[in-house]
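The structure appears below as structure tokens.
The values are calculated or read from the model by the stated rules, or taken from the named source; none is laboratory data. Keep in mind the model is a prediction, meaning the values are calculated, not measured. Here Cβ is always computed from backbone atoms with ideal geometry, including for glycine, and neighbour counts include all displayed protein chains. For the accessible areas, the whole protein counts, side chains as well, though only heavy atoms, and no ligand, DNA or RNA atoms are used. Shrake-Rupley method; radii C 1.70, N 1.55, O 1.52, S 1.80 Å.
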Amino acid sequence: MADTGDDDDDRYRIKEGDYVVLKRGDIYKSVQILPKKKVIFEKQWIFLDNAVGCLYGDTFEIGAGGGLQPQNTKTTESPPDSKVAGTDNRNIIDDGKSQKLTKDDIEKLKDQGLRGQEIVQQLIENSSTFSNKTGYAQDKYIKKKKKKYENTVTVLRPNCRILAMMYHGREPGKICHLRYDTLAQMLTLANIHANSKVLVFETCAGLVLGSIMERMGGFGTVIQMFPGEGPVRAGVESFGFPAHFYETLHEFPICHLNALEAGTLNKRPVAGEKESTAEEEEVLPGADQQDGSPDDQSMETVSGDAKVQDQKQKEEEKRREAKALEKKVKLEEKQRKLAAAAAQLDGRNADGLVIASRFHPCPVLLRLLRFLSPSRPFAVYSQYLEPLIECYTKLKEQGGAVGLKVTDTWLRHYQVLPNRTHPRLLMSGGGGYLLSGTTVASERSAGSLQSEEPAPKRQKLKDTLG
């Protein structure tokens with residue numbers, strides 16, 4: 001039993017090679033922990049070697065050489081001077097003369113090795129107006145100075161919420177301005193769960209794909225439809241999934257859907273690669289036969305040069321053979337993955353569909369809905385409303401889906417503090433729009449219904465109509 005407890009504890013400890021998320025305030029960055037590797041975070045070089053073995057969620061202080069030191073919990077307490085407070089701030093004038101310490105003095109304190117909390121304490125002691133401020137103003141002042149001078153970083157375990165906040169805060173264009181609350185609603189509306197088969201078409205740097213894989217927990221099947229030459233999975237790597245998660249992931253180029261539906265998809269390796277390499281190899285050995293000289297006196301020199309050229313030629317041939325073999329292996333692996341994904345799609349029994357891309361979703365949605373089983377949910381994200389309105393109209397016209405809804409998410413953060421809880425002044429302008437619905441079996445035509453009738457009944461129906 002003790003060993004089991006140790007194994008559970010190791011799950012929450014940082015290990016070498018893990019992907020982690022660094023956090024300072026509202027700033028996030030995803031990095032991989034490697035020995036003696038410099039990481040730039042907020043214009044500062046740091047080394048993450050000392051974080052190995054610590055728990056996720058620990059806060060570290062950054063030393064002078066960029067090394068991490070676990071933060072002492074006592075340093076996070078408020079200074080004792082903050083208990084003495086004034087009644088109001090009406091007589092406080094912000095003329096810039098209340099602080100006795102200059103910028104040079106603060107730099108000297110940093111050079112002396114003082115930590116952020118100690119520098120904040122010095123600023124409080126040298127402020128002539130701090131004791132006259134109200135308790136709320138003092139807390140605000142301390143929080144502001146801590147953010148500026150405390151040199152700390154928190155190491156977090158990556159998950160879909162943290163990575164969505166990181167991308168939305170740093171590079172929202174890469175994820176089509178997909179906000180984390182919209183991502184959560186999309187996963188819920190598509191009913192993503194373990195042991196299901198899900199189709200995904202996204203151009204959000206792999207964030208949506210990684211979120212689906214995380215929620216499925218390595219059980220089930222995920223088929224990624226991608227445009228272009230190959231899928232983009234930069235965000236998936238940041239999750240740090242174990243190897244068995246990738247065994248459930250398949251990829252299929254969306255440009256091959258026509259061939260798949262027509263039954264003409266070429267699942268065999270492409271011919272011609274080996275032939276072109278063989279032709280190049282046949283041309284080069286012919287040069288060896290031209291070496292030599294009719295003069296008997298220079299035979300030794302020529303034979304020596306020929307040996308060097310033969311050796312170089314053999315090394316070059318080995319390189320070409322290695323490259324050709326590597327290319328052949330990659331091609332066979334690519335064809336194997338294509339065949340495996342095509343076999344998954346042939347059943348047309350997917351349990352869910354998620355679309356979040358910069359392309360117009362209407363043609364993609366109408367094509368991929370054919371691969372879903374009846375009574376299965378789908379969710380489509382778009383940064384703009386108009387493309388989803390077009391999808392809604394098309395689905396209403398052609399049928400095959402019920403419960404269609406276009407929703408807009410609204411998010412606002414609140415400051416929750418004693419006697420001063422209120423909405424924050426700044427908020428996100430919009431988190432995009434979602435179209436959701438459920439597939440149904442298409443209605444059968446009258447002719448198909450008649451063909452299913454028994455022969456005597458069909459004959460009677462013909463006599464009646466005749």
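A few remarks follow.
- Residue within region 144-159 that is closer than 27 Å to LEU435 by Cβ and within 14 Å of the chain's Cα centre (by Cα) present: yes
- Candidates are the residues of region 53-74 that are surrounded by 15 or more Cβ atoms within 10 Å (Cβ to Cβ) and of a type in the set (Val, Ile, Thr); the one that is modelled with the lowest pLDDT is ILE62.
- Residue identified as in contact (Cβ under 8 Å) with a residue 40 or more places away in the chain and under 21 Å from HIS193 (Cα atoms) among TYR381, TYR392: TYR381
- Matching entry among LEU417, LEU411, LEU425 (being assigned by the TED database to the domain that holds GLN344, open to solvent by 80 Å² or more (accessible area, probe 1.4 Å) and in a loop (DSSP other than H, G, I, E, B)): LEU425
- With a requirement of 1 or more residues that are over 16 Å from GLU150 (Cβ atoms), the strands (runs of 3 or more DSSP E) lying completely within region 21-135 that satisfy it span 27-32, 38-40, 45-47.
- Taking (1) of a type in the set (Lys, Arg); (2) in a loop (DSSP other than H, G, I, E, B); (3) open to solvent by less than 70 Å² (accessible area, probe 1.4 Å) in turn, ARG358 satisfies each apart from (3).
- Number of the condition not met by ASP7 [criteria: (1) charged (D, E, K, R); (2) outside any helix (DSSP H, G or I); (3) at pLDDT below 90]: (2)
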